[in-house]
Each structure stands twice: as C-alpha cells, then as structure tokens.
Amino acid sequence: MLIYKNYLGDVTKAENIKSFWETLDTQNFLTPEEVVEDLFNTWDDKSKKEFLAVGYENLIMLHHGFGTSIRNIYGLWHPKYPGSIPGDLGDGHPDGISMKIIEGLYKRIETQHSAFDDAMSIIQEK
C-alpha cells in the first residue's frame with residue numbers, strides 16, 4: 001500500500017485539489033509505515049503526549065478529524081492510489097488505511113515513551 005506524501009500548502013480548495021491530483025506522480029506515494037514515521041518525526045513531544053492521552057481504545061474518535069486529514073493530505077482518495085481496492089470497505093479502503101496509520105502512530109509513540117520512561121527509571125535508581 002502506498003500513500004502520497006505532500007503538504008498541500010495552498011491546494012486546499014476542492015477545485016485546486018482535483019487539478020493537483022491530476023498532476024501527481026504515483027512514484028511519490030508512501031507506504032502506511034512511512035506515513036507513520038513522517039508524522040512521528042513531524043510532531044513535537046507535547047503533541048505526542050496529547051495523542052497518547054486519547055487512549056488506544058478511543059482512536060476511532062479521530063476518524064473524522066485526524067483521519068480525514070491523513071486521507072486528504074497523503075492522497076488516499078487519489079484515483080491512481082495503488083493501495084486502494086475498489087469496492088473494498090476494509091483495509092484496502094482509504095478509511096481502513098487511515099485507521100491503520102492512526103493505530104500505527106499510536107503504537108510508535110507509545111513505544112518511544114515507554115523506552116524513555118524505562119531509561120529515566122534506571123537513571124533515577126542510580
């Protein structure tokens with residue numbers, strides 16, 4: 001599965017997005033794992049902590065706001081998107097793919113913070 005990496009900038013109006021999508025080169029699509037890393041490397045620690053505070057079991061609440069941004073910014077709805085499966089309402093649908101990205105990001109941040117907490121415990125014991 002591949003996702004387009006782009007920070008839309010001025011391409012925010014529907015008519016601009018359509019013409020923008022027509023010019024995309026699908027060689028610039030990212031895998032969901034690469035999107036997770038892109039988001040992880042972009043966010044500051046405060047944003048990561050706020051994201052963790054949502055709780056894994058509540059991530060579905062992010063489907064419309066954050067999930068919509070992922071689907072739009074990374075081009076999951078792009079007609080040439082090679083990872084989507086027409087008619088699929090599961091993992092091959094942009095909704096399912098964006099949810100896997102949100103879950104992957106949560107696990108990535110959780111792993112980082114867990115390792116940091118473990119390191120701090122060791123330092124404080126000494």
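Just so you know, all these numbers are worked out from the coordinates, no wet-lab data involved. Note that the structure is predicted; figures quoted are calculated from it, not measured. All Cβ positions, glycine included, derive from the backbone under ideal geometry; neighbour counts span all protein chains shown.
Amide H to amide H under 5 Å from His93: which residues, 5+ apart in sequence or cross-chain, H placed 1.01 Å off N in plane?
Ile85
Packing-wise, with mean Cβ within 10 Å as the measure, how do 40-50, 99-109 rank, highest first? Intermediate results must be reported in sequence, preceding the final value.
Values: 40-50: 11.5, 99-109: 18.7.
Averaged packing, sorted descending, gives the order 99-109, 40-50.
Set the Förster distance to 22 Å, then compute FRET efficiency between Arg108 and His63 from the Cβ-Cβ distance, nearest 0.05. All intermediate terms of the calculation are to be shown ahead of the outcome.
Details: r = 19 Å, r/R0 = 0.85.
My answer for the efficiency is 0.75.
Would you mind ranking Phe29, Phe66 so that the residue whose beta carbon has the fewest other beta carbons within 10 Å leads the list? Provide the component values of the computation, followed by the final result.
Values: Phe29 23, Phe66 18.
By the 10 Å Cβ count, ascending, the order reads Phe66, Phe29.
So who's got an amide H within less than 5 Å of the one on Leu30, skipping anything under 5 residues away but keeping other chains? H placed 1.01 Å off N, in plane.
The list, which skips near neighbours in sequence, is Ile3, Tyr4, Lys5.
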